[in-house]
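Here's the structure we're looking at; comments come further down.
Quick note: the coordinates plus some simple rules give every number you see, no bench work behind them. Treat the numbers as computed from the prediction; the structure is a model and nothing was measured. Cβ atoms come from the backbone with ideal geometry, glycine included; neighbour counts cover every protein chain shown.
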Amino acid sequence: MTELPLSGITVVSIEQAVAAPFATRQLADLGARVIKVERPDGGDFARRYDTTVHGQSSYFVWLNRSKESLTLDVKSPEGRDILHQLLGQADVFVQNLAPGAADRLGLGTQTLTKRYPALIPCTVSGYGTSGPWAGRKAYDLLVQCQTGLLSLTGNEHGSARVGVSVADIAAGMYAYTGILTALFTRATSGAVRAVEVSLFEALAEWMSQPAYYTRHTGTQPPRIGTQHATIAPYGAYPAADGKDVLFSIQNEREWAVLCEKVLERPDLVDDPRFATGSDRVANRAELNDIVADRFIRSGSTDLMRLLDAVGIANAGINTLKDFLTHPVLDARERWQDVAIPGGATVPALLPPADLAGVTPRMGAIPAVGEHTDKILVELGHSAAETDSLRARHII
């Protein structure tokens, strides 16, 4: 079996919720040893977000495969001593503690870089570790609000949160790529770079296109449900069987094909109301009426078959049950079983980036503190010392 790309890399993470665990899980997928430090009194609070996966949290199962769980009271002197034993042997330290908590524990970036010159510290914060909001708590939906994302989602009746933890996911992705870059830099130049990512700035990057649009037009893109704010026609329309079909027109060739082959209105190709993409957006309401009148005369399957035949991108609006049985995921064998605490297994998606010749690790989700004794033995602690630590709730 080919050695995984990050084999030999050790990551210690004091993490909870979504952003930091998402970053470290991806490192574990590539072979890094990820030691997840959890509180002795229940561990990562994401373990209790729900109990839907054979008694386990759907969030926790998603984010924590292939990790080792060490319970440790890092507020106690003995707990911090154990943590520093680990950090002395680690390559990366990740934390998304509450604002100011890392510094209070002596785990701030400046302190760690002085004590461990080869260690790459990664901080995941809400609004950055400096600036006027450095001390402010941040959760995913709050950041969706602050970046203006909620002013774009939903429809004319009101806003809607994005249905996944998009700010957390963005921050986790940038933390992951930042750590990979820092590891590469250390390996090639010897320079050690700390990594810092905030939820706010990660999602702010993803808001750049509507931000440019707003800055240079003076108005922001409208909130229009499944329609695209700056391209038309691009959205979902109900078919005769009640199912919605979404399609997208990207250029003038596709517009002409749509008019001639789908809408059966070749006269629209040269209609001045719809001559350019901007014209079609400006006259969206009239255009939507034309498309809707045509779509309601055919079933969704027939419409998608016709759109496929003429080369126009389209999709039915799937439910999550539809997604779980998607033929692409099945044919490409993207689901693989992973073990969860209690002995059951659940299907999990392979990481989306395929590396030729590399099979990603799809290890078990750890129980709280499952690897505590093993890790302490590696650090040189005797069974008696471990028993004493456990009796005093330090582990």
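Report relative contact order for the chain in percent, whole number only (criteria: Cα-Cα under 8 Å, sequence separation at least 6).
With pairs under 8 Å counted, the relative contact order is 19 percent.
Give me the extension gain from GLU264 to TRP206: residue separation times 0.36 nm, minus the current Cα-Cα distance, reported in nm with one decimal.
Length gained between GLU264 and TRP206: 17.1 nm.
Averaged across orientations, what area in nm² does the convex hull of the alpha carbons in the stretch 109-254 project?
For the stretch 109-254, the mean projected area of the Cα convex hull comes to 13.6 nm².
Starting from 0.36 nm per residue, how many nanometres of slack lie between ARG297 and TYR49 once their C-alpha separation is accounted for?
84.8 nm
Just name one of GLN89, LEU263, LEU350: the one whose Cα is farthest towards the positive end of the charge dipole of the chain (beta-carbon charges, Lys/Arg +1, Asp/Glu -1).
So the residue furthest toward the plus end is GLN89.
Dimensions of the stretch 234-316 along principal axes (Cα, Å, largest first)?
Result for the stretch 234-316: principal-axis Cα extents of 32, 23, 18 Å.
Within a Cβ distance under 13 Å of MET362, other residues only, what is the Lys/Arg minus Asp/Glu net charge?
Its environment carries a net charge of +2.
Long-range amide H contacts for ALA348: which residues qualify at under 5 Å (H placed 1.01 Å from N, peptide plane, sequence gap of 5 or more or a different chain)?
Hits under the 5 Å cutoff: GLN336, ASP337, VAL338.
Taking amide H positions as placed in the peptide plane 1.01 Å from N, state which residues far from GLU38 in sequence (5 or more) or on other chains have amide H under 5 Å from it.
Answer set, sorted by chain and number: LEU70, THR71, LEU72.
Pairwise over distinct Cα atoms, reciprocal of the mean inverse distance: report the Kirkwood radius of the chain in Å, one decimal place.
Hydrodynamic radius (Kirkwood, Cα only) of the chain equals 24.2 Å.
Give me LEU349, LEU306, LEU112, LEU203 sorted ascending by neighbouring Cβ count inside 10 Å, so fewest comes first.
Least to most surrounded, the residues fall as LEU349, LEU306, LEU112, LEU203.
Under the √(5λ) rule applied to the eigenvalues of the Cα gyration tensor, what semi-axes describe the equivalent ellipsoid of the stretch 8-54? Give them in Å, descending.
In descending order, the three semi-axes are 21, 13, 9 Å.
For the chain, what does the helix formula give at 222 nm: sum of -39500 (n - 2.57) over DSSP H segments with n ≥ 4, over the residue count, nearest 500 deg cm²/dmol?
Result for the chain: -10500 deg cm²/dmol, rounded to the nearest 500.
Given charges of +1 on the Cβ of Lys and Arg and -1 on the Cβ of Asp and Glu, with all other atoms neutral, how large is the dipole of the stretch 1-137 about its Cα centre, in debye to the nearest 20?
320 debye
Hey, what does the equivalent ellipsoid look like for the stretch 275-337, semi-axes from the Cα gyration tensor as sqrt of 5 times each eigenvalue, largest first, whole Å?
32, 14, 12
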